[in-house]
Amino acid sequence: MYMSPFIALTRSFWPLLIRLNLLALVILFVLYISFKFSLSYVLVSVFTLLLLIIVWWRDVIRESLVGFHTSKLEFSLRFGIVWFILSEVFFFVSFFWAFYDSRLAPSVEVGLSWPPIGIMPLSVYSVPLLNTVILLSSGVTVTWSHHALINNLYSSAVYSIVITVALGVYFLYMQYEEYSESSFSISDGIYGSTFFISTGFHGIHVMVGTSMLFYTLIHMLNAKLTFNHHFMFEASALYWHFVDVVWLFLFISIYWWGSL
C-alpha cells in the first residue's frame, strides 16, 4: 500500500495572530519614537509575541510527537526557517543601508563629519567588545549542545544549552546597561536613530532567540527531543547563529567603523 509523505495538518490560527501582533508592535514602536508613546505598550506587545510563538511551537511539537512530521514535512519546515531567516537578513540590510549612506557621505546637517558634531560615541573596547565575546561564546556552546544531542550525550547537551541561555540573558543585561550610560539618545539625529534602531532590533532578536532556546531546553528536560528528531533545536540554533552574524556586522560597522 502506498503511503503519501504529505499529511494534512489541523488548522492553526497562531500565524494569523502573530502577524497581527507584529503589525501592532511596529505601529506602537513608531508611536513611541515619533510621539513619545508609552514604552509599556511596546513591551506588552513583545511579551504577547513571545507567548504566541511559544504556543505555536507547542502545537508543532505535539504534531511531531504523534507522527505527523514525515521526512517531506521536516524538509518543508527547514526550508521555511531558511526563508524566514533570509527575510530577517533583508530587514537588517535596510538599517545598514541607512547607516552606510550617512557614514560614507555625511550631510551638512551633521557638520560634514562622522560621528556628527556633538556626539560622543561609545567606547568600542568596553561593553560592545564584551557583548561580542558573549555572543561568540554562545555560538560555540549552542553548537556543542547540538553535536552532543546528535551523539546522544544528553547531559552535555542540556548543560551547554543552559550556558547559551544564560549568555543570552547576560547580553541583554549588558545592552541595557550600555543604553543607560549612553551620552546620546535615539532623538540625536541620524547617528542616534541608526544606532538605537539597529542595535535595539538586534536586542529584540536576541530576546526571541533566547526564549526559543529556553523553550527548547524545557522540552529537552522533558525528553521530547531525541538524537534523530530535534527540528526545534535545529531551528533555534540556526536562528541564534543568524543573531551572532548580525551582531558581528553591527560591531564592525556601527561600533568600530562608526566611531572613527
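Annotation note: of Leu238, Leu250, the sole residue that is under 23 Å from Ile163 (Cα atoms) and part of a helix (DSSP H, G or I) is Leu238. Taking (1) of a type outside the set (D, E, K, R); (2) modelled with pLDDT of 85 or more; (3) under 22 Å from Ser76 (Cβ atoms) in turn, His205 satisfies each apart from (3).
Working only within segment 65-106, note down all residues that are over 20 Å from Phe242 (Cβ atoms), of a type in the set (Gly, Ala, Ser) and without any contact (Cβ under 8 Å) to a residue 40 or more places away in the chain. Listed by number, the residues that qualify are Gly67, Ala105. Taking (1) in a helix (DSSP H, G or I); (2) touching a strand residue (DSSP E or B) at 6+ places or on another chain (Cβ under 9 Å) in turn, Ala148 satisfies each apart from (2). Residue count for segment 140-168, restricted to those that are surrounded by fewer than 20 Cβ atoms within 10 Å (Cβ to Cβ) and under 16 Å from the mean Cα position of the chain (by Cα): 1. Restricting segment 67-110 to residues that are within 25 Å of Ser253 (Cβ to Cβ) and among the charged types (D, E, K, R) leaves a set whose member that is nearest to the chain's Cα centre (by Cα) is Glu88.
Among what's in segment 55-104 and is outside any helix (DSSP H, G or I) and of a type outside the set (S, T, N, Q), pick the residue that is surrounded by the most Cβ atoms within 10 Å (Cβ to Cβ). If we take residues in segment 55-104 being outside any helix (DSSP H, G or I) and of a type outside the set (S, T, N, Q), then His69 is surrounded by the most Cβ atoms within 10 Å (Cβ to Cβ).
To keep it simple, each residue is scored yes or no on (1) of a type in the set (A, V, I, L, M); (2) modelled with pLDDT of 90 or more; (3) under 17 Å from Arg62 (Cα atoms).
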{"position": "Phe214", "(1), (2), (3)": "no, yes, no"}
{"position": "Met220", "(1), (2), (3)": "yes, no, yes"}
{"position": "Lys224", "(1), (2), (3)": "no, no, yes"}
{"position": "Trp240", "(1), (2), (3)": "no, yes, no"}
{"position": "Val243", "(1), (2), (3)": "yes, yes, no"}
{"position": "Leu250", "(1), (2), (3)": "yes, yes, no"}
{"position": "Ser253", "(1), (2), (3)": "no, yes, no"}
{"position": "Trp256", "(1), (2), (3)": "no, yes, no"}
{"position": "Leu260", "(1), (2), (3)": "yes, no, no"}
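Among the residues examined, Ser45 qualifies as surrounded by 14 or more Cβ atoms within 10 Å (Cβ to Cβ) and small (Gly, Ala, Ser).
The values are calculated or read from the model by the stated rules, or taken from the named source; none is laboratory data. Note that this is a predicted model, so its numbers are computed, not measured. As a convention, Cβ positions derive from the backbone with ideal geometry for all residues, glycine included, and neighbour counts pool all protein chains shown.
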